[in-house]
Amino acid sequence: SWEYKWDTSNCNLNTGSYTIYATSVLTNGRSSSPSGDAVKLSDSEYATVSVSLKQPFLSAVPSGTVVAKGDDLYIRGTAEGEPSKLQLYIFGPNKFVYESITVEDDGTYEKKLNIGSDWASSQYYVVIEHPMYNGDIDVKYDETTGDISIKNVDADNAQSSFNVNKLQSSNAADALTKMIDNPNIDDVYTKLTFTVVPAMITINNPGDQGVGTKFTISGTTNLAVGDQIIVDVQSCSFTAVDKSSTSITDGVSVTTTVVAGEGTDNVWSVEVDTTNWKLDEYTIKASGIEVDVSTTTNFNVVEKVEVTPTATATGATPTTT
């Protein structure tokens, strides 16, 4: 067996399709015979393979375009061309994030961001930069001054620098992308946006339920898919129950997982069995585990009424009690 490793980072070839030949003797006019005659390709054993050289591709997808404050945001994607790292920029109101992203061997990457209380409820603009062929991020950020500039480019160039503290978030993101478009550097980028909103959970009030019935408690939320919600159902009364009684209960506590909804909000639900519950008013409380948010609603457990037809004369329409 044999192997040849071809580093295409500095091959100076245009993108397109190419054919690679492997031959048993030197060809293309080079002679391997004592007479000095050129060896034709047809005089050798050879094999070919076709390859396509393309520009490295960069993609980025957020785990959600709307993120609840206190939740985690994941930015995932693919970076071809085997870059050692990517550069992440996030521009928002009074918020600027500048961090590197590690790329895995298979070209995929994932960046986790915790959207804490210091993130304002607003829209944020994300730019991810790929170093391309030279393997170097050609844009630099000065933490002291807040200046973002292109390395080794004349500062008088109108698109070579800007100050992140002097531009609104959307304008700063636009200035950065125009900077990376500068023909003096080979970097490329991709961009996306997301919106931070206050965390929210709602409960669909189930209405009165007959004792002994099974029903579903459900609601909506803007918490991320996979987040956990604990649902507590407790009696509103403080009436003591005889300690010798083992059959009467006054609520339940269940944990459920947020799943994707059909609209913009995600959904959650739990199944409840009211067998052996006492007649009372109950409070439902749904609380986030990863995110500090909760909401409540009340419903009643009432006496179960059997529906039976009233006997009537033959031919008459029966009435239901």
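Laid out as a table, the results:
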read-out: Longest segment of the chain lacking GluC sites (Glu not before Pro) that sit in a DSSP loop with at most 11 other Cβ atoms within 10 Å; value: 144-261
read-out: Proximal lysines relative to LYS5, as straight alpha-carbon distance under 18 Å, when same-chain residues fewer than 8 apart are discounted; value: LYS54
read-out: Mean accessible surface per residue for the chain, computed with a 1.4 Å probe while every protein chain stays in place, in Å²; value: 60 Å²
read-out: Gyration tensor (Cα) of segment 46-149, equivalent ellipsoid semi-axes in angstrom; value: 31, 18, 10
read-out: Accessible surface of the chain [probe 1.4 Å, protein heavy atoms]: carbon and sulfur percent; value: 46 percent
read-out: Chain lengthening between GLN228 and ILE20 when straightened (0.36 nm per residue, less Cα-Cα); value: 69.5 nm
read-out: Relative counts (whole %) of C-alpha pair distances in the chain, using bins that are 20 Å wide; value: 22, 32, 24, 15, 6, 1, 0
read-out: Amide H contacts under 5 Å for ASP280, placed H, 5+ residues apart; value: VAL301
read-out: Stretch in the chain that is longest and holds no trypsin sites (Lys or Arg not before Pro) that DSSP places in a loop and that have at most 14 other beta carbons within 10 Å; value: 55-150
read-out: FRET E, pair ARG76, LYS140, Förster distance 30 Å, beta-carbon r, rounded to 0.05; value: 0.70
read-out: Relative contact order (%) - criterion: Cα under 8 Å, at least six apart; region: the chain; value: 14 percent
read-out: Mean separation of Cα contacts under 8 Å, 6 or more apart, over the residue count of segment 51-102: relative contact order %; value: 28 percent
read-out: In order through segment 81-90: 3J(HN,Hα) via Karplus (6.51 cos²θ - 1.76 cosθ + 1.60), integer Hz, x for Gly, Pro; value: x, 6, x, 6, 7, 10, 10, 9, 10, 10
read-out: Other-chain or far-sequence residues with amide H under 5 Å of ASP71's (modelled H); value: ILE115
read-out: Within the chain, longest stretch clear of exposed chymotrypsin sites (Phe, Trp or Tyr not before Pro) (DSSP loop, no more than 11 other Cβ within 10 Å); value: 7-237
read-out: Antiparallel bridge percentage (DSSP; both residues within the chain; nearest 5); value: 95 percent
read-out: Under 22 Å from the Cα of LYS214 - lysines, other chains or at least 8 residues apart; value: LYS278, LYS285, LYS304
read-out: Subset of LYS95/LYS166; LYS112/LYS191; LYS111/LYS166; LYS111/LYS191 violating a 18 Å alpha-carbon distance limit; value: LYS111/LYS166
read-out: For segment 142-147, 3J(HN,Hα) per residue [Karplus equation, 6.51 cos²θ - 1.76 cosθ + 1.60, θ = phi - 60°, Hz, x = Gly/Pro]; value: 9, 5, 6, 9, x, 7
read-out: Tail weight of P(r) past 24 Å, computed on alpha-carbon pairs of segment 1-111, percent; value: 54 percent
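The values are calculated or read from the model by the stated rules, or taken from the named source; none is laboratory data. None of the values given here were measured: they were computed from a predicted structure. Don't worry about glycine lacking a Cβ; one is built from the backbone with ideal geometry, like all the others, and counts go over all protein chains shown. In case anyone asks, the SASA skips ligands and DNA or RNA and just uses the protein heavy atoms, side chains included. Shrake-Rupley method; radii C 1.70, N 1.55, O 1.52, S 1.80 Å.
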